[in-house]
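Everything below concerns the one structure shown next.
Read-outs: derived from the displayed coordinates by stated rules, not from any lab. None of the values given here were measured: they were computed from a predicted structure. No Cβ is skipped: glycine too gets one built from the backbone with ideal geometry, and neighbour counts run over all protein chains shown.
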Amino acid sequence: MTTAIVNISLKAGVLDSQGKAVHHALDSLHFKGVNDVRVGKQIVLKLDTDDKTQAMTEVEKMCEDILANTVIEDYKIELI
Amino acid sequence: MKVSILQFPGTNCEYDTQHAFEELGATTEIIWHKSETIPADTNLLVVAGGFSYGDYLRSGAIARFSPVMKAVTQYAKDGGKVLGICNGFQVLTEAGLLPGALKRNDNLHFISKYHHLKVINNDNIFLEKLDNGEVVNIPIAHHDGNFFIDSDGLQDLKANNQILLKYTDADGEVKNPNGSIDSIAGVCNKDKNVFGLMPHPERAMELLLGSDDGVKMLQGFLAN
């Protein structure tokens, strides 16, 4: 079995309003030295296969087809 | 004139849309998303507003894989006239039938209020009953209406006259409620037979309820 952890975030250059709001909140709580905040989402998939190459191919297709909207989002896949 | 209106789990504007088009003399049919076909006599296919699949994952992301969407894509490819209102606009961008994407509003609020819109291009089968530069007052009600497209895409939209509506004030000066790039409220595809807009013209049918500016817009949708 393989676990795939998919992290999805807005592309660099696409304004992340949630990140900005969190940044302001951190600032108001006096957490200083934070230059930028980006908020994303994580999707964890449990796959039948033990074949990491096959898993990567499949999860990449899932990301392109539905998990991410590649017009505005980037995704990173980590396999365990 | 036959208007077919799509209904997904979570769609909530299908009956308003039906009422509005019937008031204007159209016959209508509501199409459940499990249907693999759309009525052959359809003149206008409407993807109505709401919260299809609870907006899970992203607005419109799951609806675009419903069985009916294959027929919708084919209908659009064959030159059929497709209109997406609010969540319908989101579904059509997710399906790749319209360019760009709809992000969370910049102020992170759900915005529900009347807003003025300016007609940018009426050289299409949707807005020809309105004049270029004409300002209409139509409600918006969305959380994810912040239209985004990259700079090359935006240039294409401008070059092909695909920007149909922008958010403005009553005088037609840009006033942007949600952070949309270039204050865009509605775009069409390159072939100009698919149109998506975040505002709800079907909710602006009675002066008594605030505005009847939607009447002319909907009449335009029925004109061809």
Inset, instruction - For the stretch B:92-113, name all the residues that are more than 8 Å from chain A (Cβ to nearest Cβ) and in contact with a Phe, Trp or Tyr (Cβ under 8 Å, 6 or more places away or on another chain). - result: B:Leu98, B:Leu102
Legend entry - Residue list for the stretch A:13-49, filter: closer than 21 Å to A:Ala68 by Cβ, of a type in the set (Gly, Ala, Ser) and in a helix (DSSP H, G or I): A:Ser17, A:Gly19
Inset, instruction - Find the strands (runs of 3 or more DSSP E) located wholly in the stretch B:1-75 whose residues include 3 or more that are crowded, with 19+ Cβ neighbours inside 10 Å, and list them. - result: B:2-7, B:44-47
Inset, instruction - Among residues belonging to the stretch B:144-196 that are within 18 Å of the chain's Cα centre (by Cα) and charged (D, E, K, R), point out the one that is nearest to the other protein chains (Cβ to nearest Cβ). - result: B:Asp144
Inset, instruction - Residues being under 21 Å from B:Ile163 (Cβ atoms), within 14 Å of another protein chain (Cβ to nearest Cβ) and β-branched (Val, Ile, Thr): count how many of those fall in the stretch B:49-91. - result: 1
